[in-house]
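Below you'll find the structure, written out as structure tokens, and then a few comments.
Each reported figure results from applying straightforward, stated rules to the coordinates on display, with no laboratory input. Keep in mind that this is a model prediction, so the values were computed, not measured.
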Amino acid sequence: MKYSKLNLAKEAISHKGFMKKIPDIFRMVNMWRKGEYPVKSMNLILPLIGLLYVLSPIDIIPDFIIVAGVLDDLAVLSLAIPKLIKEVDKFLLWEAERKYSTEGSKIIDAEIIK
């Protein structure tokens, strides 16, 4: 079976509803760029760089080295996707708190339903 970056990316983004959260990721990055969403820059930049690394044709370990080339992409995806999803979940909670808070009320406890 031949592994390609495209197949690896498809497997990774099917992880925990990633596809459904892509619009939220773009909205989160835009609000962060505008200075509206308070988050540590590294919590956004590192996962996004990881995704770009996997999609990029330039690798530390080239893909023509069959096992090692695929494993480095999988390792980066296994770190980047969960971190990005966690940050998106925090963003959605922040966004809901901002939208529904009235007169200083604050959401203290919330459950994220997938």
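Sorted largest first, the spans of the alpha carbon positions of the range 28-98 along the three principal axes are 48, 19, 14 Å.
The stretch between Lys40 and Ser78, if pulled fully straight at 0.36 nm per residue, gains 11.6 nm over its current Cα-Cα span.
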